[in-house]
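We did not get these values from a lab; they are worked out from the coordinates using the rules stated. Model, not experiment: these values are computed from the prediction. Reconstructed Cβ throughout: ideal geometry from the backbone, glycine too, with neighbour counts over all protein chains shown.
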Amino acid sequence: MLDFGAVSIEWGTLAVQLLFFLLFFGFLIAVILLIVECTKRMGSRNKWNQQSIKALEKRVAALEEERDRPKQ
């Protein structure tokens, strides 16, 4: 038992409070790591999308050139 003058805390109560604090703290850290990981994936996905868009633009330009050529 911890004795703080008029307030005393039993070890069982202290252990339960510590357990809930650590669970909450762990959950908070997990949420922060999840947010960081999601932002990293979104950044890499945006780069991939930009590359795909550039490739599609090249294909569209080639098709437009082929369409605009006079037929023989």
Query raised in the report: For labels at CYS38 and GLU64 in the simple 7 Å Cα→Cβ model, what's the distance in nm?
Result: 3.7
Query - Average projection area in nm² (convex hull over Cα atoms of the chain, one quarter of hull surface) - result: 7.6
Report task. Could you calculate the FRET efficiency of LEU14 with ASN49 from 1/(1 + (r/R0)^6), where r is the beta carbon distance between them and R0 is 35 Å, rounded to 0.05? Result -> 0.10
Query raised in the report: Once both axes come from the Cα atoms, what is the angle between helix 11-68 and the longest principal axis of the chain, in degrees from 0 to 90, rounded to 10?
Result: 0
